[in-house]
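The values are calculated or read from the model by the stated rules, or taken from the named source; none is laboratory data. Because the structure is predicted, anything quoted here is derived from the model rather than measured. When we count neighbours, we look across all protein chains shown, and the Cβ atoms used for this are built from the backbone with ideal geometry, even at glycine.
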Amino acid sequence: MGAQPGGWNANKREAARTGAVPWRNNPLYKAARLFVLNRDHWTCQMGLDGCVRKANTVHHKGGVSDANLCDTNVMVAACKPCNTREGRPGMRDPAPVRRTQWMSMEIS
């Protein structure tokens with residue numbers, strides 16, 4: 001797979017380790033984000049519960065990947081509450097892990 005402009009592939013390992021999102025500093029992504037916000041008139045296109053209507057983020061329908069990072073056809077303007085509520089499509093919460101085990105003791 002070829003490298004995405006702006007160092008996306010080069011920074012993936014570091015991002016996974018630190019939790020950083022390197023593509024947010026990608027100049028092509030920034031231009032695409034601004035294009036989408038202007039195209040949608042800075043109005044949230046998601047309209048979920050808690051929507052404030054003023055968009056200040058963009059949402060990738062179907063999730064972010066190397067292939068669609070700057071694809072404006074899969075991006076919509078979103079307010080922060082809607083984008084946070086929708087989260088990352090395709091991502092699932094991990095199964096719960098039992099951390100403690102209760103022991104029952106009989107007192108005689």
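Observations, loosely collected:
- Residue 44 vs. criteria touching a Lys or Arg at 6+ places or on another chain (Cβ under 6 Å) and at pLDDT 90 or above: yes
- Every residue from region 32-45 that is loosely packed, with under 13 Cβ neighbours inside 10 Å and in a loop (DSSP other than H, G, I, E, B): 41
- Here region 46-75 is the region considered, the condition is being among the β-branched types (Val, Ile, Thr) and part of a loop (DSSP other than H, G, I, E, B), and the residue that is farthest from residue 29 (Cα to Cα) is 52.
- Candidate set: region 47-85, residues that are modelled with pLDDT of 85 or more and among the acidic types (Asp, Glu); chosen: the one surrounded by the fewest Cβ atoms within 10 Å (Cβ to Cβ): 49
- Among residues of region 33-72, those that are under 17 Å from residue 23 (Cβ atoms) and out of contact with any Gly (no Cβ under 6 Å at 6 or more places or on another chain), counted: 20
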